[in-house]
Every structure is written in C-alpha cells, then in structure tokens.
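> Questions regarding the structure given below will be posed in turn.
The values are calculated or read from the model by the stated rules, or taken from the named source; none is laboratory data. What you are looking at is a predicted structure, and each value in this text was computed from that prediction instead of being measured. Every residue, glycine as well, gets a Cβ built from its backbone with ideal geometry; the counts of neighbours run over all protein chains shown. Heads up: the accessible areas ignore ligands, DNA and RNA and are worked out on the full protein's heavy atoms, side chains in. Shrake-Rupley method; radii C 1.70, N 1.55, O 1.52, S 1.80 Å.
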Amino acid sequence: MRDLFDGDVMEPRDVQLAPGAMLLAGFARPLEASLIEAVNAIVERAPFRHLVTPGGHRMSVAMTNCGRVGWVSDHTGYRYDAIDPESSHPWPQMPAVFADLAARAAAKAGFVDFRPDACLINRYKPGAKLSLHQDKDELDFNAPIVSVSLGLPATFLFGGLNRSDKTARYRLTHGDVVAWGGPSRLAYHGVMPLPDGEHPLLGAQRINLTFRKTR
Ligand code: SIN
Ligand code: FE2
C-alpha cells in the first residue's frame, strides 16, 4: 500500500459537502488567466464597492457584478437590479468564459443546462468575511449556485437549512468551484475572515464569483 504522505504530489479531490453540494477541486484552474483578465475588465467599468446592509452595516467584502442583473444591498433591502446604482448603467455583460465555466461545473455536479443570468463578484482582503447566510433573493430555486474561488485560500462554512445547524469547514483554494442546489440549494454558508497572504497571481486578496439564475 502506498503511503499518502510519501512526498507524492496529491491530486486535488472532489468532495461532496452534502446531498446536492459538490466541491470540484481545481476545476477553474486551467482558465485562471482568462478569468482574471475578465474580472479586471468588469471592474474597470463597475468598480468594487462596499455595500451597506439594510441594517446599516458596511460589508467587509467588496462587491461588483456582471450579467443581466446584479445583486445589490442598501438601506432599503437586498435585490437584483439591472442597473448598477453607482454608474446608473447596466452591469457589464457576463463574459462567455464565465457562463461556460459555470455551466460545465454545474453539469459535473449534476445540474444540467445551468444558464446563470447574474454573477456576483466578491473581493476579500485579509480580515474580510461573509457571515452565515442563505442565497434566497432568486426566484428560481431549481437552479444551483455555482461559486468559483480565485487567489488566497479561505475557509468556507457550509451548514444546513437552519441557521443553527452545525457547519462544516472547507478550505477553498485558487481554482476551486463549489456548486450547491437541489436539497442543498438553501443551505446556510459563509466565509471565515480571510487570513493574510500573498497569492502569486492576485496578491493579498481572494476573488469569488457566484453564479445565479435569478428568474
Ligand atoms: C457568497 O456566498 O456569495 C460567496 C461565497 C464565497 O465567497 O465563497
Ligand atoms: Fe452566498
């Protein structure tokens, strides 16, 4: 029998987080250059900004969007909006490389024909976190959520359908994709405060893309 820790390079392994929830290790890695280039082009037109929650808290994660609609939050609540409130223009189009990746990842996780119309782009600098929440502002819960991680590694929390359910922790590294849908579509999830670090391509940050079908 081979010792797992004898110095072999270990292949990243896919992990089922729960029924309907899959971590596809390194799935987006072959596209890293095009993904980063596309994010940079989007951010030129729709810069990252720190949204304010309805409760008046400034989020530590900075956000922008591409696609038909984008997720926004302000003192009136959360919503999907076709117009970027900062620029009063539509959000940048979803690049083909984003839509293709999201559809392929969803299919590998068991969700065929995923056609997202929104992509929320999150930027975590060290210390930024995302509290436990459900993605429930979409009208269509049949479609999964597909999340792509780039840059610094983070600890992802994945729980159950109730906020009080126990959460498991997963380390998400550059290129990892998580897809959750079906019985896990409304699972609570979040991200622990990002540790300091320096990523060779992205520096001291983590970028996360979440693809959603909102209607
Ligand atoms: C999200 O829940 O919108 C983002 C999750 C992540 O950053 O991994
Ligand atoms: Fe989320």
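> When you check P153 against the structure, is it more than 16 Å from ligand 2 (Cβ to nearest atom), closer than 19 Å to Y124 by Cβ and loosely packed, with under 13 Cβ neighbours inside 10 Å, yes or no?
no
> Please enumerate the residues belonging to the range 84-101 that are more than 20 Å from D74 (Cβ to Cβ) and outside any loop (DSSP other than H, G, I, E, B).
Answer for the range 84-101, where residues must be more than 20 Å from D74 (Cβ to Cβ) and outside any loop (DSSP other than H, G, I, E, B): A96, V97, F98, A99, D100, L101.
> Further, regarding this structure: Can you tell me which residue in the range 64-105 is nearest to the chain's Cα centre (by Cα), limited to those that are of a type in the set (V, I, T) and open to solvent by less than 30 Å² (accessible area, probe 1.4 Å)? Break it down stepwise before answering.
Here is the first cut: in the range 64-105, the residues of a type in the set (V, I, T) are 64, 69, 72, 76, 83, 97.
After this cut, where a residue has to be open to solvent by less than 30 Å² (accessible area, probe 1.4 Å) as well, the list is 64, 69, 72.
Numbers: T64: 12, V69: 16, V72: 15 Å.
Here the answer is T64.
> Let me ask something else about it. Are there strands (runs of 3 or more DSSP E) fully within the range 125-166 with at least 2 residues that are small (G, A, S)? List them. Steps first, answer last, please.
Details: elements: 130-133, 145-151, 154-158.
The strands (runs of 3 or more DSSP E) meeting that bar are 145-151.
> Considering every residue within the range 131-138, establish whether at least one is more than 14 Å from ligand 2 (Cβ to nearest atom) and out of contact with any Lys or Arg (no Cβ under 6 Å at 6 or more places or on another chain).
No, the range 131-138 contains no residue that is more than 14 Å from ligand 2 (Cβ to nearest atom) and out of contact with any Lys or Arg (no Cβ under 6 Å at 6 or more places or on another chain).
> Tally the residues that are farther than 26 Å from P19 by Cβ and among the basic types (K, R), restricting the search to the range 83-119.
The total comes to 0.
> Can you tell me how many residues in the range 51-63 are assigned to a loop (DSSP other than H, G, I, E, B) and open to solvent by 10 Å² or more (accessible area, probe 1.4 Å)?
Of all residues in the range 51-63, those assigned to a loop (DSSP other than H, G, I, E, B) come to 51, 53-57, 59-61.
When the remaining residues are screened for being open to solvent by 10 Å² or more (accessible area, probe 1.4 Å), the result is 51, 53-57, 59-60.
Qualifying residue count for the region: 8.
> When the residues of the range 201-210 are narrowed to those that are within 14 Å of ligand 2 (Cβ to nearest atom) and more than 10 Å from A154 (Cβ to Cβ), which ends up surrounded by the most Cβ atoms within 10 Å (Cβ to Cβ)?
L209
> Restricting to the range 46-70, name every residue that is polar (S, T, N, Q) and under 13 Å from I121 (Cβ atoms).
T64, N65
> Another one. Is there any pair linking a residue in the range 53-73 that is without any contact (Cβ under 8 Å) to a residue 12 or more places away in the chain to one that is open to solvent by 10 Å² or more (accessible area, probe 1.4 Å), with Cβ under 7 Å and at least six apart or on different chains, and which?
Pairs that qualify, where the first residue is without any contact (Cβ under 8 Å) to a residue 12 or more places away in the chain and the partner is open to solvent by 10 Å² or more (accessible area, probe 1.4 Å), are R58/H50; R58/V52.
> Yes or no: the range 96-105 includes at least one residue that is away from ligand 2 (no atom under 16 Å from the Cβ), closer than 16 Å to N208 by Cβ and of a type in the set (K, R).
Looking through the range 96-105, none of the residues is away from ligand 2 (no atom under 16 Å from the Cβ), closer than 16 Å to N208 by Cβ and of a type in the set (K, R).
> Tally the residues that are among the charged types (D, E, K, R) and more than 10 Å from ligand 1 (Cβ to nearest atom), restricting the search to the range 201-215.
Count: 2.
> Given the residues R115, R169, R104, which is the only one that is over 22 Å from H50 (Cα atoms) and assigned to a helix (DSSP H, G or I)?
Criteria check complete, one pass: R104.
> Hey, could you check the range 182-200 for residues that are within 27 Å of A109 (Cα to Cα) and more than 14 Å from ligand 1 (Cβ to nearest atom) and say which is surrounded by the most Cβ atoms within 10 Å (Cβ to Cβ)?
G182
> Mind checking which pairs have a first residue in the range 186-215 that is under 21 Å from G160 (Cα atoms) and assigned to a loop (DSSP other than H, G, I, E, B) and a second that is near ligand 1 (Cβ under 9 Å from one of its atoms) and among the aliphatic types (A, V, I, L, M), Cβ under 7 Å, 6 or more apart or different chains?
Close Cβ pairs (under 7 Å, with a partner that is near ligand 1 (Cβ under 9 Å from one of its atoms) and among the aliphatic types (A, V, I, L, M)) amount to M192/A154.
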